[in-house]
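The values are calculated or read from the model by the stated rules, or taken from the named source; none is laboratory data. Bear in mind the structure is a predicted one, so any value in this text is a computation, not a measurement. Heads up, the Cβs are rebuilt from the backbone with ideal geometry, glycines too, and the neighbour counts pull from every protein chain shown. Protein only, heavy atoms only, side chains kept; ligands, DNA and RNA dropped before computing areas. Shrake-Rupley method; radii C 1.70, N 1.55, O 1.52, S 1.80 Å.
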Amino acid sequence: MSNSQDTQLLKKALSEETETVDIHHAGTAMRFLTSYYSIQDGKTTILTGSKRMQERPIKNLVTALQNLGVEIEYLENEGFPPLKITGRKITETKVDVPANISSQFITSLLLIAGKLENGLEINLVGEVTSRSYIEMTLDILTKFGIKNSFVGNTIKVESTINQELSPVNYEVESDWSSASYFYSFAALGRETIYLKSFYKESTQGDSAIAEIYEKFFGIKTTFTEEEHQLKLQPIENFQFPKKIVLDMNNCPDIAQTLCVTAAGLKIPFEISGLGTLRVKETDRLLALHNELKKLGTETEFTDLTIKSISFGEPQENISIATYQDHRMAMSFAPFCLMKELHIEEEDVVEKSYPMFWEDLKIILNEN
């Protein structure tokens, strides 16, 4: 299992017998556990988190579960944690969910769907955000013997109540969003980097980083069979584009990395499809706007987009604020190849990648 804080908090919560469960900053755990506790028949759970967690909306997921018959109360502010969840057996079979919300809300429902009395049919209303993450979840369910389909905007998962499921060995692929930071190092430093445990036919949406960085930054990805190794190799005499225009609706978690890489190379960018970034660990679009200024990059942003306006010289004595967001720390780190900088609250990386700074030392020492 991953040694990330998110994973360890989720593991701990699943084994706790206490009525109150505190998942701190772990948004993924908050979303997945909301559905999990909803089907613990007769059990009441208070699910809470950090101050920032209590500012992150969860109404769309709660409404979907309430429409399926679950009793969930907001203990403080409408639409936000903490929640009081009274578990029950769900017999309802259909629910409508907005399609443009975080895919984790939908994944949360999918992870319990096979344990419902009559399975579950989810109708996604509107344009689907992060479709690849939904497909990844369904692929995992299939590997565990849970039958499902995804046609148009309708997802169906069959009940396994009367089915005998056998344990399976499942190898978890490395995280492509974490790989993105090393793509950025390769792009800014023009050095070859090797990573391992990545699959060529990955179902992770963030695997798009390989195509994106080859097209815009000249970093070619080569796969080897041994340890599923990646070779990130700069293309000689690569001609950088005059401007990067990209819709990252299917891979918003790597947008921060791309913006910092583009800022380092002074390539104008206009990135769209970023509607979910404003409700992450922090308002990531505002955070990017603020911190890119320190690198000499002026930007403007909307609820869905961010684009560069001008490039100047970086500040002296750069200190990057992380806003309690692991991705802010890691996405800005590669800029150290351009100019010395300080990352504030560097321990924030423990959320997803506790060994990031150690791995970074290896990269810098080798190159």
Using a 1.4 angstrom probe on the protein heavy atoms only, line up Met1, Met248 by accessible area, largest first.
Met1, Met248
Considering only region 48-193, what is the antiparallel percent among its DSSP beta bridges, to the nearest 5?
70 percent
With the crude spin-label approximation of a point 7 Å out along Cα→Cβ, what separation in nm comes out for Leu265 versus Lys231?
2.0 nm
So what's the projected area for the chain, the Cα convex hull averaged over all directions, in nm²?
18.5 nm²
With θ set to phi - 60°, apply the Karplus curve 6.51 cos²θ - 1.76 cosθ + 1.60 along region 21-33 and write out the HN-Hα couplings as whole Hz, x wherever there is a Gly or Pro.
10, 10, 9, 6, 8, 7, x, 4, 4, 4, 6, 5, 6
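Mind ranking 229-240, 259-270 by how tightly packed they are, going by the mean number of other C-beta atoms within 10 angstrom, highest first? Please report the intermediate quantities before stating the final value.
On the way: 229-240: 14.4, 259-270: 21.8.
By packing density, highest mean first, the sequence is 259-270, 229-240.
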Residue-normalised accessible area of region 168-244, expressed per residue, 1.4 Å probe, Å²:
54 Å²
Can you give me the angle between helix 103-113 and the longest principal axis of the chain, using Cα atoms only, in degrees from 0 to 90, rounded to the nearest 10?
30 degrees
Reach of Lys89 by Cα under 16 Å, taken over lysines that are not fewer than 8 positions away in the same chain
Lys43, Lys115
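Take the solvent-accessible surface of the protein heavy atoms, probe 1.4 Å, and return the percent of it on region 1-157 that carbon and sulfur atoms account for. All intermediate terms of the calculation are to be shown ahead of the outcome.
Values: 3470 of 7110 Å².
Answer for region 1-157 is 49 percent, counting heavy atoms of protein chains only.
Roughly what % of DSSP beta bridges within the chain run antiparallel, to the nearest 5?
Values: 31 of 46 bridges.
Percent antiparallel among DSSP bridges in the chain is about 65.
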Please list, or write none, the lysines whose alpha carbon is within less than 27 Å of the alpha carbon of Lys339, excluding same-chain residues fewer than 8 places away.
Lys215, Lys220, Lys231, Lys242, Lys243, Lys266, Lys293, Lys294, Lys307, Lys351, Lys361
In debye to the nearest 20, the charge dipole size for the chain, taken about the Cα centre with +1 at each Lys and Arg Cβ and -1 at each Asp and Glu Cβ, equals 560 debye
Give me log10 I(q)/I(0) at q = 0.20, 0.22 Å⁻¹ for region 91-160, Debye formula, one equal scatterer per alpha-carbon, no solvent.
-0.73, -0.89
